[in-house]
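Okay, so here's the structure we're looking at.
Rule-based calculations on the coordinates, nothing more; no lab input. Everything numeric in this text was worked out from a predicted model, so none of it was measured. Ideal geometry is used to build each Cβ from the backbone, glycine not excepted, and the neighbour counts take in all protein chains shown.
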Amino acid sequence: MKTIKCKNCNNTFEGRRNRLFCSTGCKSEFNNDLARERNKSLKQAFDQVKYNRNILAHLYQLFGNNPIQETLLNRAGFQFAYVSRMGQKQEFVYDDYALNISTNNIIYIKKLS
């Protein structure tokens, strides 16, 4: 047996050479912290896609299928870099809404089924 320092809480304990944690609780906490950090940027991207979708839903309620200016989306905090998927013919899809950008930065919002 060897004296080892826990990778999570830095307490010393007796154990095998390849043991890294003093308890399963410390091991779980360490791995959960790693996973949380890895998923942080992914969560931020998903949150922005949801935010974009909510903006489109609100504007669709107000304007329906009528064209709107791109500046209206920009003022609402819409970020074009975050999209759920690309549809056909320059169609950007955000969950159950899609937008098409035509000439002169005119945007059409469409509700998908």
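Relative contact order of the chain: what whole-number percent is it, with Cα pairs under 8 angstrom and at least 6 residues apart?
18 percent
What is the helix-to-structure angle for 24-63, meaning the angle in degrees between its Cα long axis and the longest Cα principal axis of the chain, kept from 0 to 90 and rounded to the nearest 10?
The angle comes out at about 10 degrees.
Could you tally the net charge around Asn100, taking each other residue with its Cβ under 10 Å from the Cβ of Asn100, Lys/Arg +1 and Asp/Glu -1?
So the surrounding residues net to +1.
If the only charges are +1 at each Lys and Arg Cβ and -1 at each Asp and Glu Cβ, what is the size of the charge dipole of the chain around the Cα centre, to the nearest 20 debye?
Values: 18 positive and 9 negative charges, 149 e Å.
Dipole magnitude for the chain comes out near 720 debye.
For region 1-34 and region 42-113, compute the distance between their C-alpha centroids and round to whole Å.
About 48 Å separates the Cα centre of region 1-34 from the one of region 42-113.
Grab the other residues whose beta carbon is less than 12 angstrom from that of Lys40, score K and R as +1, D and E as -1, and report the net. Could you put the intermediate results ahead of the total?
Details: positive: Arg36, Arg38, Lys43; negative: Asp33, Glu37, Asp47.
So the environment of Lys40 carries a net charge of 0.
Given that just one value was derived from the coordinates, which of (1) 13, 44, 34, 9; (2) 14, 48, 30, 9, 0; (3) 13, 31, 15, 10, 12, 13, 6, 0 is P(r) over Cα pairs in 10 Å bins from 0, in percent?
Given (1) 13, 44, 34, 9; (2) 14, 48, 30, 9, 0; (3) 13, 31, 15, 10, 12, 13, 6, 0, the structure-derived one carries the label (3).
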